[in-house]
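The structure under discussion appears below in the form of structure tokens.
Read-outs throughout are calculated quantities, based only on the coordinates presented, and are distinct from any laboratory measurement. On a predicted model such as this, the values are computed, not experimentally measured, just so you know. As a convention, Cβ positions derive from the backbone with ideal geometry for all residues, glycine included, and neighbour counts pool all protein chains shown.
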Amino acid sequence: MSPSRPLSLALLLAMPAALSCRPAPRPPAEAEASAGAPLGAADLAAIGAADSAFEAATNAGDAEGVVEVYASDASLLPPNVPGMKGTDAIRGFWGGFLAAYDVRMELQTDQTDGRGDLAYVVGRYRFTGTPKTKGPPEIKDEGKFVEVIRRQADGSWKYVVDIYNSDLPVK
């Protein structure tokens, strides 16, 4: 008998015991419940309302209105600058930008999906920033964005991650 034969026999005998330790597959309803329910029409409408509120506040130059759509622990990941986290950092970014520019923002949602209290939105943006003072040039940009959005304790949906980048070539 070769030395590998007892090892092979031991592995073969141990297989049924090892396989019996796997959890049984969960029924589809139980698996769905543990992952969270699919988004309903009210959830999708509330998520769309968050994007509409962001767009309206940006166009109104209302930095506080923009900040309101972000969760207090949110991350903002704009292009060409380090990411930022939290209300104060996000307020500083948008407040500075909206203080310097009159903005015309258009958002187009391409996809919204999620389960339970977490969702994501994929879309496109187009904006023009007209300087409020002489000096800085007008900014025109268009690109794409991804938002991770979470239902808050009060039932509202707020951005927890917001990342966007331009489709335009670098000048």
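Here are a few things to note about the model shown:
- Prolate/oblate/rounded call for the stretch 40-166, Cα gyration tensor, a/c under 1.5 rounded: prolate
- Of the GluC sites (Glu not before Pro) found in the stretch 65-171, those in coil by DSSP whose Cβ has at most 14 other Cβ atoms within 10 Å are Glu138.
- Inter-label distance for Asp117 and Lys140, nm, one decimal - labels placed 7 Å from Cα along Cα-to-Cβ: 4.4
- Inter-label distance for Glu68 and Arg126, nm, one decimal - labels placed 7 Å from Cα along Cα-to-Cβ: 2.7
- The stretch 100-168 and the stretch 64-98 have Cα centres spaced 11 Å apart.
- Above-threshold pairs, the threshold being 24 Å between Cα atoms, out of Lys85/Lys140; Lys85/Lys144; Lys140/Lys171; Lys132/Lys158: Lys85/Lys140; Lys132/Lys158
- FRET efficiency, 1/(1 + (r/R0)^6) with R0 35 Å, evaluated for Glu106 and Lys85 via beta carbons: 0.85
- Cleavage-rule hits (trypsin sites (Lys or Arg not before Pro)) in the stretch 72-153: DSSP loop, at most 15 neighbouring Cβ within 10 angstrom: Lys132, Lys134
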